[in-house]
Structure formats: C-alpha cells, structure tokens
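Trainee: One structure, pasted below without further comment.
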Amino acid sequence: MSGLDAPEIAAAYEAVRSDKDATNWLLVSHATATGSQLALSKTGTGGIAELSGALDDGQVQYGYARVEYANDKESTRVKFVLVVWIGEGTKVMRKARVSVESGDVKRALPHHSIAVTASDRADLDEGDLVARLRKAGGADYNGGRG
C-alpha cells in the first residue's frame, strides 16, 4: 500500500516500541480523498483511550499502541496492539479494501501480540484488551484474574 514505507510512519512505530520514548500510540489514515495513500495522521502519549478518541467514524484507520500492565506485584509486561478501525460511516467500497490493505499494514507494523478489528469504541476498552493480551501471552501469572 502506497505510503506505508514513509519515514514518518517508521519513526513513529519505533517511538511507540521504544522504552525511552513517551509516545505510546500512532494512527495511520488515508491522506487523500481517493484513499490511495496512507499516512501518519497522529501520535500520542495517552494510551488506548486517547487513540480511541482520535478515531474517525467515517474512515478506515490503523492504530498501533503500546499497552503496559502489571503481571504481579514484581513485574509488568509490555505488549503491542494493532487496531483496524472501520468507522460506522465508512463507505462500502472503502470497507471492501480493508482485507488487502490491512495485510499491507500488518507488514509495515509487524510486531504486535493481537490485532483488533473494531467499529465501536467499546471494542477498545483497555481492560478487555489486557485480558486478551494475557491470553495471547501464554503463561498467566495473575491466577486467571484477567
């Protein structure tokens, strides 16, 4: 997909993955009216909640977020979530391209524990995502308490 190799996207991706950068999410959106070009539209430091607030109900967008959660009293885990956002008001032809386009995005933003396809912000509840990340991570040192 055109635009995914942009240096801005690569730099934002590295910032989200870095332990030394406060940036913990990025958002890639269609930069042109025809939808042929993807570009970095936003980054932030407010986690999944802030990313969710930046989503546009009339677009297909791709988010990438760093999620930190306590494993037990002594340790925390850092995992990454890829969000495929299909807003409720997205045109049918744009929705039809998501399957191919999201594959390109997954190659550009490769390191993630789970991918979430969402059209409702409730699908991006941080507690639910942490529970899914725990399941995807294998060992559960929290005694099944999510």
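Trainee: List, please: which pairs have Cβ atoms under 9 Å, are six or more places apart or on different chains, and start with a residue in the stretch 105-126 that is assigned to a loop (DSSP other than H, G, I, E, B) and end with one that is open to solvent by 80 Å² or more (accessible area, probe 1.4 Å)?
Mentor: Correct list of pairs: H112/K106; S113/R132; S119/E88; D120/E88.
Trainee: Moving on. Restricting to the stretch 63-75, name every residue that is outside any strand (DSSP E or B) and open to solvent by less than 20 Å² (accessible area, probe 1.4 Å).
Mentor: Pass one, the stretch 63-75, residues outside any strand (DSSP E or B): 71-75.
The answer is N71, and nothing else.
Trainee: Test V100 against the stated conditions and say whether it is over 17 Å from L26 (Cα atoms) and open to solvent by 50 Å² or more (accessible area, probe 1.4 Å). Talk me through it step by step, then tell me what you get.
Mentor: On the way: over 17 Å from L26 (Cα atoms): yes; open to solvent by 50 Å² or more (accessible area, probe 1.4 Å): yes.
Against the criterion (over 17 Å from L26 (Cα atoms) and open to solvent by 50 Å² or more (accessible area, probe 1.4 Å)), V100 qualifies.
Trainee: Residues in the stretch 3-54 that are assigned to a strand (DSSP E or B) and open to solvent by less than 20 Å² (accessible area, probe 1.4 Å): how many?
Mentor: Keep residues of the stretch 3-54 that are assigned to a strand (DSSP E or B), which gives 25-30, 38-44.
Adding the requirement that they be open to solvent by less than 20 Å² (accessible area, probe 1.4 Å) leaves 25-29, 38, 44.
Of the residues in the stretch 3-54, 7 are assigned to a strand (DSSP E or B) and open to solvent by less than 20 Å² (accessible area, probe 1.4 Å).
Trainee: Separate question: Restricting to the stretch 76-96, give me the number of residues that are more than 20 Å from D128 (Cα to Cα) and surrounded by fewer than 13 Cβ atoms within 10 Å (Cβ to Cβ).
Mentor: 6
The values are calculated or read from the model by the stated rules, or taken from the named source; none is laboratory data. Please read all numbers here as calculations on a predicted model, not as lab measurements. Because the Cβ atoms are built from the backbone with ideal geometry, glycine has one as well, and the counts that use them run over all protein chains shown. The area values use the complete protein model at the heavy-atom level, side chains included, leaving out ligands, DNA and RNA. Shrake-Rupley method; radii C 1.70, N 1.55, O 1.52, S 1.80 Å.
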